[in-house]
Amino acid sequence: PRSRVHSFMKPSMLTDLIQIPGAPLEVDADQDPLLRYYREHSSPQIPDDAHLTLLSRTVNAEQVEDELLLSFTHNTSCNPLLPEIPPTDRRVELVQVLVTAFQDGNIAHQRVSWDDASLLAQIGLVRT
């Protein structure tokens, strides 16, 4: 599987995920550059029925590692996940790993990884 440094979340999904006990993460989406990025670049291409389920979470002083299940119907362009692939109207369930690192109380970086072969098989572009 190949890893990508992209994200595929609505700002509401992100704010739900970053509610970590003890972390000062109450932010204004208009002022926070990360939330603004998700709103302006990722959100317009997320299917309306997209649903994110937290499967597991590991927290330490420097980072949070989440295993997530992203479910959606591929009925719109999804460039963050499927660049230049037209909608197939197929159902997708994709496990992602999201690693968010913190430095001085701020998000230092965020990485999202998933299995491209599984995604392409689910939309019918790769035979299993």
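Any residue at all in the stretch 16-27 that is more than 25 Å from Leu125 (Cα to Cα) and either under 11 Å from the mean Cα position of the chain (by Cα) or modelled with pLDDT of 85 or more (or both)? Among the residues of the stretch 16-27, at least one is more than 25 Å from Leu125 (Cα to Cα) and either under 11 Å from the mean Cα position of the chain (by Cα) or modelled with pLDDT of 85 or more (or both), which makes the answer yes. Note on the stretch 90-128: residues that are basic (Lys, Arg), over 21 Å from Asp48 (Cβ atoms) and in a strand (DSSP E or B) amount to 1.
Figure legend. Inter-residue proximity from the stretch 107-119: first residues without any contact (Cβ under 8 Å) to a residue 60 or more places away in the chain, second residues among the acidic types (Asp, Glu) and in a strand (DSSP E or B), beta-carbon distance below 7 Å, spacing 6+ or different chains. No pairs are indicated.
Residues in the stretch 50-89 that are part of a loop (DSSP other than H, G, I, E, B), open to solvent by 10 Å² or more (accessible area, probe 1.4 Å) and touching a helix residue (DSSP H, G or I) at 6+ places or on another chain (Cβ under 6 Å): Ser77, Asn79, Pro80.
Check Ser56, Ser12 and return the single one that is of a type in the set (Gly, Ala, Ser) and modelled with pLDDT of 90 or more. Sole residue among the options that is of a type in the set (Gly, Ala, Ser) and modelled with pLDDT of 90 or more: Ser56. Could you say whether any residue in the stretch 117-127 is surrounded by 14 or more Cβ atoms within 10 Å (Cβ to Cβ), under 15 Å from the mean Cα position of the chain (by Cα) and either at pLDDT 75 or above or of a type outside the set (Phe, Trp, Tyr) (or both)? Yes: one or more hits. Residues in the stretch 93-116 that are hydrophobic (A, V, I, L, M, F, W, C) and over 14 Å from the mean Cα position of the chain (by Cα): Ala101, Phe102, Ile107, Ala108.
The values are calculated or read from the model by the stated rules, or taken from the named source; none is laboratory data. This one's a predicted model, so the numbers in the text were calculated from it and none came from an experiment. We place every Cβ from the backbone using ideal geometry, glycine too, and count neighbours over all the protein chains shown. With ligands, DNA and RNA removed, areas are computed over all heavy atoms of the protein, side chains included. Shrake-Rupley method; radii C 1.70, N 1.55, O 1.52, S 1.80 Å.
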